[in-house]
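What follows is one structure encoded as structure tokens, with my remarks underneath.
The values are calculated or read from the model by the stated rules, or taken from the named source; none is laboratory data. Everything numeric in this text was worked out from a predicted model, so none of it was measured. Backbone-built Cβ (ideal geometry, glycine too); neighbour counts: all protein chains shown.
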Amino acid sequence: MKTVTCTAPVNIAVIKYWGKRDENLILPVNSSLSATLGQNELRAKTTVAVDPSFTEDKMWLNDKEQSVNTQRIQNVFREIRRRARKRKGDGDKSKIFSQKIHICSENNFPTAAGLASSAAGYACLVYSLAKLFDVDGEISDIARQGSGSACRSIYGGFVEWQMGTKADGSDSFAKQITPAQHWPEMCILILVVSDQKKHTGSTEGMQTSVQNSRLLEKRIEVVPERMTNITKAIKEKDFHTFAEITMKDSNQFHAICLDTYPPISYMTDVSRQIVRFVHSFNNHSGETKVAYTFDAGPNACLYLLEKDLGRVISLVNHFFPAQDNGLNLKVQGLPVSID
Ligand code: 2P0
């Protein structure tokens, strides 16, 4: 038996991916940008194995067996096996690419609570399979076919997913903008408002937005300039510009969700209280020290510099005391660490 075990962290987008132009290949309508957390933070851990005695492909997620007969898993298997065959050639005695695969994966955080579990999961699966089958070169395009945002978790630091324009998706992959070491003071604080499964999954939600949100059409025109400006801000460590673009993009994404018919609302009253808290903290500080961003769920991800972490955590604990209101608000310090 040959086995490989890897871990892959979640990523938190500052320019959101929302909408596909190709559902099967998972090609987006706009480019997006995120930071990948450190390896010891929220992450998926996956073991993959091949053995000539295996009779079928099988997968277990958090100790429960899952079907591998989904289009996404099948697309990933097909692409990995195709590249392994191409690399090794049909003369390879082990014919490893024709052996059945067993997968065992676990997350150290709630699955499907809007905490990018599919991103970490597919990035980890594809990375592990690539190691198992000795596939090298670009693999983020394979992870993309598992779940769009997964392509960004293949790399550490700040990562861009270039939407690409080709119909076959060959130019739609992730690229590292800066490694984590470039801006080591940057931290991400995740405020867990709820770890319940979200009511509208991202895949379904973005499909409806593409079908009927007029705002989404407008967004597509706005994103390229934002991508350019935030990339420059990251390279120059310009926190103010970075934070402003991050918050505006999160707000626009949730405005699109509300503009979708029927509307999708991921943010809750507590999420909105956190938005107000951040703006008033920045106003009182006389400068932008914290940026919020919300994904497809109510949990807040705050970007801030390490020097402000202690003060922000104590204020969050003061204003959102978990034991009093039963809102299950937890605080974690999550420095983006070196990959
Ligand atoms: C993002 N999200 O950029 C955005 C922000 C949610 C809100 O990427 O259908 O789970 O598997 O490609 O990757 C969630 O989308 O969707 C997502 P699929 P995915 O992080």
*Give, as residue ranges, the strands (runs of 3 or more DSSP E) completely inside segment 20-68 that count at least 1 residues that are in contact (Cβ under 8 Å) with a residue 60 or more places away in the chain and out of contact with any helix residue (DSSP H, G or I) (no Cβ under 9 Å at 6 or more places or on another chain).*
20-22
*Inside segment 138-180, can you point out the residues that are touching a residue at least 24 places away in the same chain (Cβ under 8 Å), part of a loop (DSSP other than H, G, I, E, B) and not charged (D, E, K, R)?*
SER147, TYR155, GLY156, GLN162, MET163, GLY164, ALA167, GLY169, SER170, SER172, PHE173, PRO179
*asked:* Can you find a residue that is in contact with a Ser or Thr (Cβ under 6 Å, 6 or more places away or on another chain), within 16 Å of the ligand (Cβ to nearest atom) and not small (Gly, Ala, Ser) anywhere in segment 90-105?
replied: no
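Of the residues GLU204, GLU160, GLU138, which single one is out of contact with any Asp or Glu (no Cβ under 9 Å at 6 or more places or on another chain), within 14 Å of the ligand (Cβ to nearest atom) and either more than 28 Å from LEU304 (Cα to Cα) or outside the structural domain of ARG87 (by TED's automatic domain parsing) (or both)?
Working: GLU160 fails: either more than 28 Å from LEU304 (Cα to Cα) or outside the structural domain of ARG87 (by TED's automatic domain parsing) (or both); GLU138 fails: within 14 Å of the ligand (Cβ to nearest atom).
Of the residues listed, the single one that is out of contact with any Asp or Glu (no Cβ under 9 Å at 6 or more places or on another chain), within 14 Å of the ligand (Cβ to nearest atom) and either more than 28 Å from LEU304 (Cα to Cα) or outside the structural domain of ARG87 (by TED's automatic domain parsing) (or both) is GLU204.
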*What residue, among those in segment 1-41 that are among the β-branched types (Val, Ile, Thr) and within 23 Å of LYS166 (Cα to Cα), is farthest from the ligand (Cβ to nearest atom)?*
VAL29
*Which listed residue is surrounded by 18 or more Cβ atoms within 10 Å (Cβ to Cβ), of a type in the set (Lys, Arg) and outside the structural domain of LEU191 (by TED's automatic domain parsing), from ARG87, ARG144*: ARG144
*Which number in (1) surrounded by fewer than 22 Cβ atoms within 10 Å (Cβ to Cβ); (2) in contact with a helix residue (DSSP H, G or I) (Cβ under 7 Å, 6 or more places away or on another chain) marks the one condition that GLY137 misses?*
(2)
*Go through segment 44-73 and count every residue that is surrounded by 12 or more Cβ atoms within 10 Å (Cβ to Cβ) and within 16 Å of the ligand (Cβ to nearest atom).*
6
*Please find, among ALA150, ALA116, ALA120, ALA143, the residue that is out of contact with any Asp or Glu (no Cβ under 8 Å at 6 or more places or on another chain) and at pLDDT below 95.*
ALA120
*Please give the number of the condition ASN299 fails out of (1) among the polar types (S, T, N, Q); (2) crowded, with 21+ Cβ neighbours inside 10 Å; (3) modelled with pLDDT of 95 or more.*
(3)
